[in-house]
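J.: Shown below is the structure under consideration.
The values are calculated or read from the model by the stated rules, or taken from the named source; none is laboratory data. Fair warning: this is a prediction, and the values are worked out from it, not measured in the lab. Reconstructed Cβ throughout: ideal geometry from the backbone, glycine too, with neighbour counts over all protein chains shown.
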Amino acid sequence: MSKTLLGYADFTHVEGMTDYMNITINYVNQLGSQLDILDVPAGNGLVVDRLKALGHNAIGGDINDARDGFVRVNMEKPFPFEDCSFDAITCLEGIEHVLDGYKLLAEMVRTLRPGGTLVVSTPNVMNVYSRFWYFLYGYPFQFPPHAMQHVTKERAIDRGHINPMSYLRMRYLLESLGAEVVDIMGDRAKKKHLLPLLMPIFFVGWLLGRKHRRREDGENKNLQSVSKHLCSKPLLLSRSLILVAKKKED
């Protein structure tokens, strides 16, 4: 994040490479060589530059004018790309800035090729610290009301963190769009020194919620994957959650 506080700048940018960027780049690079990749929002172009250096055909899409050569992409409107244009799409810390996360996910799935990979990172509102924060303040960590901005027709600016997207919500939306969640990853752990206090509370909740992790009709295969992710280290501890999905083959 830039030194300018979120909510007081037209657009916010990450000034250097972050853990979630490096994790995403390494993951995408292992998918193949010379891939057609879209990074949106591209910010300062750090991810695009690294992917190009690795030999991929990477395109940056963004509404800001930070870099020449970006394709102008408004994440709240249809993308200016044909169906099935990309082998992979990365969307790092962007989905929480838009009004409708479903429409954004739909555009990314639409422009992915069958079998293509989508990597989305977003503030992890389901980690144990964010749950404690929500209990204290009434809103998730990293989503303070003072940092939200209203966009007008005359001024297209960064709305700020207005749209908390949980793992469960993103998974459901992606599955409804014909994409399968295949992995989750996370960056650095948040407030590790509070874990002795927070983890016992989580385990009590986990035990109480067992009945919610079974379906009466016996269709439990998908729930087993969900349950595994819900108690995983990335979801419980990481500051940013990195979700990986694949578009189903036709």
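J.: Looking only at residues that are in contact with a helix residue (DSSP H, G or I) (Cβ under 6 Å, 6 or more places away or on another chain) and small (Gly, Ala, Ser) in the range 32-90, which one is farthest from LYS103 (Cα to Cα)?
T.: Per the criteria, the residue is ALA58.
J.: Taking the stated definitions as given, is GLY69 free of Cβ contacts under 8 Å to residues at least 40 places away in the same chain and not in a helix (DSSP H, G or I)? Working first, answer last.
T.: On the way: free of Cβ contacts under 8 Å to residues at least 40 places away in the same chain: yes; not in a helix (DSSP H, G or I): yes.
Yes.
J.: Also, quick follow-up: Filter the range 216-233 for residues that are farther than 28 Å from LEU92 by Cβ and in contact with a helix residue (DSSP H, G or I) (Cβ under 9 Å, 6 or more places away or on another chain) and give the result.
T.: The first filter runs over the range 216-233 and keeps only residues farther than 28 Å from LEU92 by Cβ, leaving 216-221, 223-224.
Matches in the range 216-233: ASN220, LEU223, GLN224.
J.: Could you pull out the residue among ARG188, ARG213 that is among the basic types (Lys, Arg) and more than 21 Å from LEU92 (Cα to Cα)? Spell out how you get there, then give the answer.
T.: Details: ARG188 fails: more than 21 Å from LEU92 (Cα to Cα).
Answer to the check: ARG213.
J.: Here is a follow-up. Can you tell which of ARG155, ARG188, ARG171 is buried (at least 16 other Cβ atoms within 10 Å of the Cβ) and on the phi < 0 side of the Ramachandran plot? First the steps, then the outcome.
T.: On the way: ARG155 fails: buried (at least 16 other Cβ atoms within 10 Å of the Cβ); ARG188 fails: buried (at least 16 other Cβ atoms within 10 Å of the Cβ).
None of the others qualify; the one that does is ARG171.
J.: Turning to a different aspect of this structure: Report the residue count in the range 15-45 for those that are modelled with pLDDT under 95, of a type in the set (A, V, I, L, M) and surrounded by fewer than 24 Cβ atoms within 10 Å (Cβ to Cβ).
T.: Total meeting the criteria: 1.
J.: Does the range 1-14 hold any residues that are exposed (fewer than 12 other Cβ atoms within 10 Å of the Cβ) and either at pLDDT 95 or above or polar (S, T, N, Q) (or both), and which are they?
T.: none
J.: A further question on this structure: Working only within the range 149-165, note down all residues that are touching a Pro at 6+ places or on another chain (Cβ under 9 Å) and under 30 Å from SER227 (Cα atoms).
T.: Those that are touching a Pro at 6+ places or on another chain (Cβ under 9 Å) and under 30 Å from SER227 (Cα atoms): HIS161, PRO164, MET165.
J.: Being in contact with a helix residue (DSSP H, G or I) (Cβ under 7 Å, 6 or more places away or on another chain) and either touching a residue at least 60 places away in the same chain (Cβ under 8 Å) or closer than 21 Å to PHE141 by Cα (or both): is that true of LEU236 here? So that I can check it myself, show each step before the final result.
T.: Values: in contact with a helix residue (DSSP H, G or I) (Cβ under 7 Å, 6 or more places away or on another chain): yes; either touching a residue at least 60 places away in the same chain (Cβ under 8 Å) or closer than 21 Å to PHE141 by Cα (or both): yes.
Answer is yes for this residue.
J.: Going by what's in this entry, would TYR139 be described as assigned to a helix (DSSP H, G or I) and either in contact with a Ser or Thr (Cβ under 9 Å, 6 or more places away or on another chain) or free of Cβ contacts under 8 Å to residues at least 40 places away in the same chain (or both)? I'd like the intermediate steps shown before the answer.
T.: Values: assigned to a helix (DSSP H, G or I): no; either in contact with a Ser or Thr (Cβ under 9 Å, 6 or more places away or on another chain) or free of Cβ contacts under 8 Å to residues at least 40 places away in the same chain (or both): yes.
Against the criterion (assigned to a helix (DSSP H, G or I) and either in contact with a Ser or Thr (Cβ under 9 Å, 6 or more places away or on another chain) or free of Cβ contacts under 8 Å to residues at least 40 places away in the same chain (or both)), TYR139 does not qualify.
J.: Quick check on my filter: what residues within the range 48-88 are among the acidic types (Asp, Glu), closer than 23 Å to GLY178 by Cβ and surrounded by 14 or more Cβ atoms within 10 Å (Cβ to Cβ)?
T.: First pass over the range 48-88, keeping only residues among the acidic types (Asp, Glu): 49, 62, 65, 68, 76, 82-83, 87.
Remaining after also requiring closer than 23 Å to GLY178 by Cβ: 76, 82-83, 87.
Listed by number, the residues that qualify are GLU76, ASP87.
J.: List the pairs whose first member sits in the range 191-214 and is on the phi > 0 side of the Ramachandran plot, whose second member is part of a helix (DSSP H, G or I), and whose Cβ atoms are under 6 Å apart, counting only residues at least 6 apart or on separate chains?
T.: So the pair list comes out as LYS191/TYR129.
J.: A further question follows. So which of LEU105, LEU118 is in contact (Cβ under 8 Å) with a residue 12 or more places away in the chain, assigned to a strand (DSSP E or B) and closer than 18 Å to ASN163 by Cβ?
T.: Values: LEU105 fails: assigned to a strand (DSSP E or B).
Answer to the check: LEU118.
J.: Go through the residues of the range 89-103 one by one and say whether even a single one is crowded, with 17+ Cβ neighbours inside 10 Å, of a type in the set (S, T, N, Q) and closer than 18 Å to ARG171 by Cα.
T.: The answer is yes, given that some residue of the range 89-103 is crowded, with 17+ Cβ neighbours inside 10 Å, of a type in the set (S, T, N, Q) and closer than 18 Å to ARG171 by Cα.
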